[in-house]
1. Dividing the alpha-carbon Rg of the chain by 2.2 N^0.38 Å yields what?
2. Suppose every Lys and Arg Cβ carries +1 and every Asp and Glu Cβ carries -1, with no other charges. What dipole size does the chain come out with about its Cα centre, to the nearest 20 debye?
3. Report the residues of region 67-88 in range of a label on residue 33: point 7 Å along Cα→C-beta, backbone N strictly under 20 Å from it.
4. What's the tally of Lys pairs in the chain whose alpha-carbon atoms lie under 16 angstrom apart, where the two lysines are 8 or more places apart or on different chains?
5. Between the alpha-carbon centers of region 1-66 and region 75-127, tell me the distance in whole angstrom.
6. What translational diffusion coefficient, in µm²/s and rounded to a whole number, does the Stokes-Einstein relation yield for region 88-127 at 20 °C and a viscosity of 1.002 mPa s, taking the hydrodynamic radius as the Kirkwood radius over Cα pairs?
7. If R0 is 25 Å, what FRET efficiency do you get for residue 117 and residue 44 from their C-beta distance, rounded to 0.05?
8. Given the protein chains as shown and a 1.4 Å probe, how many square angstrom of residue 58 are accessible, to the nearest 10?
Amino acid sequence: MAFSGKYQLESQENFEPFMKAIGLPDDLIEKGKDIKSITEIEQNGDDFKVTVTTGPKVLVNSFTIGKEAELETLTGEKVKSVVQLNGNTLSVSLKGIESITVLSGDTITNTLTVGGIVYKRISKRVS
């Protein structure tokens, strides 16, 4: 299944509790909670480049499925991890944060879990 495309955030659940749990400062949480982020995914076989733009903040991660890569977390920390692909699902664990991204048609659902707090983001393909 091809993940390539540009996706805009449509809805999210538990943004504030999750961001507090991972240690994001309150001022950044307040600024980011209403921004409709854009996620751009470039896929070439097992090679991925994921760019997430949230207002002025741009987070770029490049990785190859099944190989260790240095990935930047939401707090800006760089962590080595391995991204797995199973059908239409990408999964990775970053310093106690479990991330599952599922592609279904033109919708990407990203679920991030830390310490029992589940943050869910739903984005729709815009191109």
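The values are calculated or read from the model by the stated rules, or taken from the named source; none is laboratory data. Here the structure is a predicted model, which means the values were calculated and not measured. Glycine gets a Cβ as well: all are built from the backbone with ideal geometry, and neighbour counts include every protein chain shown. In case anyone asks, the SASA skips ligands and DNA or RNA and just uses the protein heavy atoms, side chains included. Shrake-Rupley method; radii C 1.70, N 1.55, O 1.52, S 1.80 Å.
1. Values: Rg = 13.7 Å, N = 127, 2.2 N^0.38 = 13.9 Å.
Taking the Cα Rg and dividing by 2.2 N^0.38 Å, one obtains 0.99.
2. On the way: 15 positive and 17 negative charges, 20 e Å.
Once rounded to the nearest 20, the dipole reads 100 debye.
3. Only 74-75 fall inside the zone, counting backbone N under 20 Å.
4. Final tally of qualifying lysine pairs is 21.
5. Each part's Cα centre sits 9 Å from the other's.
6. For the chosen part, D equals 201 µm²/s.
7. On the way: r = 34 Å, r/R0 = 1.35.
In this case the efficiency is close to 0.15.
8. Accessible surface of residue 58 is approximately 80 Å².
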